[in-house]
Ligand SMILES: Cc1cc2nc3c(=O)[nH]c(=O)nc-3n(C[C@H](O)[C@H](O)[C@H](O)COP(=O)(O)OP(=O)(O)OC[C@H]3O[C@@H](n4cnc5c(N)ncnc54)[C@H](O)[C@@H]3O)c2cc1C
């Protein structure tokens, strides 16, 4: 038996564990990622990657591989008795990726594993988590190799990314509250010939029993269906459904259908001391809207930078409490949304269905549905680590946790092109993809003297936070700040100012995950410092 020590021990190398490892590797944190399987599962589950997750893949340097390997979906078509009764359009989303990307989960895992290896990390296969004990400053973990040898490991933090049956969740006695859905789902992959609908559309058959065909890369298709039983007759029902949706279409060379039940459960805590839960270990929802894996990846995109700050001594351990406060409401929201969709499909109430189709056909209804599906609109409005100093105070501009326009406090900030920096034109997301906080001092139309004063204040604050805080002065006027070109962005068209609704000078602080953590208009430097002091420990990072 060997004794070893690491900062963060990640249990489980599904999409959630892999993304957390990437986030820690990007920030130079010592971690280990253990996985009980000797090789990845043969059958994959998640197919749909939403816009927000693609933005995260871009920030972590993996998006090109996804775009090369995936199949873009730009709309969802709803059909009743073969007739199109509505559609959800994704093309107008405020994202560089205004589409869903269909890609098998196995490939997602392969791309993330390759990215992790590029960053110097790796998955340790054939190691199973068994038990843990917490002390005040560490967690002692008992693991077992597939050949039966034991491994004891001491970690500052343990993150359970070990899926629905999480042994880590059980070890810390978190309840997995919620329920299971009685109806049986089936899924089968194959090829399709003669499909009459657009190749970049997912189709949903609304009447019972209902099939949902999704085009995959390489000419393959995945068909989700409501199964009456697990017998071979399921495939006949699938073919009948497809025939109604697209007469003459032929579903060929199908794999063995798989059957599954779905659930809506959320752990009653995401954190117990030094142990945290993420992904399916923390929440599961119906896969009907394809949110489970996306939410797990976004969980750890939220958690990774916080863990890095805490283990690096740049933030207090209390920062980790904001993880649950921010991510649990998202799990509950997608779970409720999946439950409503499950119920609608089972109950088949035409009045409800037509109401939804009518709403989708309106500009606002269609946009709200697209934003919800894409996951770009979630705000962390219940977070203890967001704040603002606005004069006059701004009424809550997020609607039930979703931000539809511009930027709400706590929301992910969309991209802006056509900013002029020292090295030419750039996008906002390129600037914030690095690992720290980004302070934007938005000055609108200003002169060199006023800009110089704000630059001095920004530098003063930045000097207390070292590499953790990058500041930019953003002007609409083309002034020459001779000693500050690297910190000066020229927003000639005003798109960035408009995004933040900054008609007057303002401060906007973007967190490492691209969410708006603080804003002040007019600039309130003391309020900013107070805010930063709640997230970072100035003395330690200087
Ligand atoms: C049919 C179906 C379709 C779906 N489609 C979508 C979709 O389109 N989009 C979407 O976002 N989501 C979808 N989901 C949900 C998605 O598959 C899951 O949310 C996602 O796989 C969860 O990832 P994870 O990394 O959290 O957990 P998992 O993928 O379950 O990974 C957990 C890992 O931990 C390992 N592990 C478990 N126990 C231990 C242990 N004791 N020690 C060490 N390792 C351990 C496991 O071997 C596994 O590799 C779908 C789910 C189903 C069932």
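I'd like to check something: does the stretch 418-430 contain any residue that is closer than 20 Å to residue 531 by Cβ and part of a loop (DSSP other than H, G, I, E, B)? Within the stretch 418-430 (the criterion being closer than 20 Å to residue 531 by Cβ and part of a loop (DSSP other than H, G, I, E, B)), the answer is no, since none of the residues qualifies. Considering (1) within 20 Å of residue 46 (Cβ to Cβ); (2) outside any strand (DSSP E or B); (3) within 16 Å of the ligand (Cβ to nearest atom), the lone condition that residue 214 does not fulfil carries the number (2). Note on the stretch 177-206: residues that are within 13 Å of the ligand (Cβ to nearest atom) and assigned to a strand (DSSP E or B) total 7.
For the stretch 496-531, name all the residues that are part of a helix (DSSP H, G or I) and over 24 Å from residue 449 (Cα atoms).
The first filter runs over the stretch 496-531 and keeps only residues part of a helix (DSSP H, G or I), leaving 496-499, 525-531.
499, 530, 531, listed by residue number.
All conditions but one from (1) away from the ligand (no atom under 16 Å from the Cβ); (2) surrounded by fewer than 21 Cβ atoms within 10 Å (Cβ to Cβ) apply to residue 128; the one that does not is (1). A residue that is touching a strand residue (DSSP E or B) at 6+ places or on another chain (Cβ under 8 Å), surrounded by 15 or more Cβ atoms within 10 Å (Cβ to Cβ) and part of a loop (DSSP other than H, G, I, E, B) cannot be found anywhere in the stretch 295-304. Taking the listed residues 130, 109, 136, the one that is assigned to a strand (DSSP E or B) and either over 16 Å from the mean Cα position of the chain (by Cα) or within 18 Å of residue 67 (Cβ to Cβ) (or both) is 130, with no other qualifying.
Just checking, which of 143, 151 is within 11 Å of the ligand (Cβ to nearest atom), in contact (Cβ under 8 Å) with a residue 60 or more places away in the chain, out of contact with any helix residue (DSSP H, G or I) (no Cβ under 6 Å at 6 or more places or on another chain) and not in a helix (DSSP H, G or I)? Checking each option against the conditions leaves just 143.
Screening residue 241 against (1) buried (at least 19 other Cβ atoms within 10 Å of the Cβ); (2) assigned to a loop (DSSP other than H, G, I, E, B); (3) without any contact (Cβ under 8 Å) to a residue 40 or more places away in the chain leaves a single unmet condition, (2). What do you reckon, is residue 13 modelled with pLDDT of 95 or more, within 19 Å of the chain's Cα centre (by Cα) and assigned to a loop (DSSP other than H, G, I, E, B)? Here the answer is yes, as residue 13 does meet what is asked.
The values are calculated or read from the model by the stated rules, or taken from the named source; none is laboratory data. Bear in mind that the values here come from a model prediction, so they are computed numbers and not experimental data. Methodologically, a virtual Cβ is constructed for each residue, glycine included, from the backbone with ideal geometry; neighbour enumeration extends over all protein chains shown.
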